[in-house]
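The values are calculated or read from the model by the stated rules, or taken from the named source; none is laboratory data. Because the structure is predicted, anything quoted here is derived from the model rather than measured. When we count neighbours, we look across all protein chains shown, and the Cβ atoms used for this are built from the backbone with ideal geometry, even at glycine. For the accessible areas, the whole protein counts, side chains as well, though only heavy atoms, and no ligand, DNA or RNA atoms are used. Shrake-Rupley method; radii C 1.70, N 1.55, O 1.52, S 1.80 Å.
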Amino acid sequence: MTSLQDKLLALKQQGIKDIEKSADLKELNDIRVHLLGKKGPMTEILHGMRDLAKEERPAVGSFANKVRDNLTETLEQRKQELEAAKIEHQLAQEALDVTLPGTPVRSGAHHVIMQITETLEAIFLGMGFQVVSGYEVEEEKYNFEKLNIPKNHPARDMQDTFYINNDILMRTHMSPDEARELEKHDFSQGPLKMISPGRVYRRDTDDATHSHQFFQMEGQYIGKHVTMADLKGTLTFAMRKLFGADREIRFRPSYFPFTEPSVEVDISCFNCDGSGCEVCKQSGWIEVLGAGMTHPNVLKAAGVDPDVYGGFAFGLGIDRFAMLKYGINDIRQFYQNDVRFLRQFKQA
Ligand code: FA5
């Protein structure tokens, strides 16, 4: 054996040792570059072949090839081992314990006013009413004129108004939607049955039961044979659905410019069942809404013939409903956005 073959053998033995000791793919690659690279010991040894006798060269050359093949094979084997180990390690690191409890996600909920609105909508949708919506910034003629409240009419004082200019205002009630829908409706297709919930504005001083902005829901049923009995039946059904099946309902005469006759609707107190308590101010009754048979002037203003069509309208304060239903004694709590208050009304 030539000294070159000895060197190759030593290189192989040391190389295999180094390869097997290598701890990661980077180190292994460094070893490969060192062993087999252009400036590595293998190249250097092969250069030495020039000094060999011609007849010795083939044997040394073939030995060198075997050493290189051997090293390459060992490198490849180790590479596969290290890659497998790397994947094993990664899998162990990223192991997922599916039995661990999840991180709870805080979900929001609809505001209590929204919840009451949705409940009311569901009740009236069930009776064939459709839900419509109008404009918070409204024309003066829809808010007043078309509702039989001409300029300088004392009834305007009933609703202190935020004016934008002479003709435009923040709507003070949801009744403008009555006039708008009456104008739009095609009565050849059947009666108009609508509700319209929304935000309204009044120059009222904020206190426990008044807010300068609050929510109302308007309702209207106009057709060919709609009577006061329909008004009573519809509102009795809706109030019993909302406040309990055994509520008594009372209709008292009242005044609204856009209805004639007009009524104020009371329900027997759900807290004391009518015997008198602080919720009903000892009267046994709670006032819940205003209503009446739509005034012929309102129909005329919308181009609807009052001799053929008629019906009823009602308007209720959603905030006051929410206060009654949940025993809330200050309306301002709805608008302060204190999450401790709001969370109490989280739906299941
Ligand atoms: C009206 O606004 C009439 N448009 C309702 C109506 C419609 C009657 C159709 C007849 C036919 P009123 O001004 O009474 O009516 O207001 C209706 C309800 O809104 C009241 O019963 C009350 O619950 C609520 N409300 C009135 N002012 C305030 C306020 N400042 N803050 C909170 N709620 C209020």
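Miscellaneous remarks
- Unmet criterion (only one of (1) touching a strand residue (DSSP E or B) at 6+ places or on another chain (Cβ under 9 Å); (2) farther than 23 Å from GLU121 by Cβ; (3) assigned to a loop (DSSP other than H, G, I, E, B)) for SER254: (3)
- Each residue in segment 210-229 was checked for being within 14 Å of ALA313 (Cβ to Cβ) and open to solvent by 50 Å² or more (accessible area, probe 1.4 Å), and 2 pass.
- The listed residues are GLU118, GLU76, GLU56, and the only one of them that is open to solvent by less than 90 Å² (accessible area, probe 1.4 Å), of a type in the set (Asp, Glu), under 60 Å from the mean Cα position of the chain (by Cα) and outside the structural domain of PHE237 (by TED's automatic domain parsing) turns out to be GLU76.
- Within segment 269-284, the set of residues being at negative phi and touching a strand residue (DSSP E or B) at 6+ places or on another chain (Cβ under 6 Å) comprises CYS269, CYS280.
- Given (1) modelled with pLDDT under 90; (2) buried (at least 21 other Cβ atoms within 10 Å of the Cβ), number of the condition ALA348 does not satisfy: (2)
- Selection within segment 258-276 - at pLDDT 95 or above and not in a strand (DSSP E or B): PHE258
- Among residues of segment 154-179 that are assigned to a strand (DSSP E or B), those with a Cβ under 7 angstrom from a residue that is near the ligand (Cβ under 10 Å from one of its atoms) and open to solvent by 30 Å² or more (accessible area, probe 1.4 Å), sequence gap 6+ or separate chain, pair up as MET170/TYR201.
- Hey, PRO257 surrounded by 15 or more Cβ atoms within 10 Å (Cβ to Cβ) and more than 21 Å from THR209 (Cβ to Cβ) or not: yes
- Hits in segment 207-254 (condition: hydroxyl-bearing (Ser, Thr, Tyr), at pLDDT 95 or above and within 14 Å of the ligand (Cβ to nearest atom)): TYR221, THR234, SER254
- Scanning segment 230-250 for residues that are open to solvent by 30 Å² or more (accessible area, probe 1.4 Å) and in contact (Cβ under 8 Å) with a residue 40 or more places away in the chain yields ASP230, PHE237, LYS241.
- Residue check for SER188: in a helix (DSSP H, G or I), open to solvent by 70 Å² or more (accessible area, probe 1.4 Å) and away from the ligand (no atom under 14 Å from the Cβ): yes
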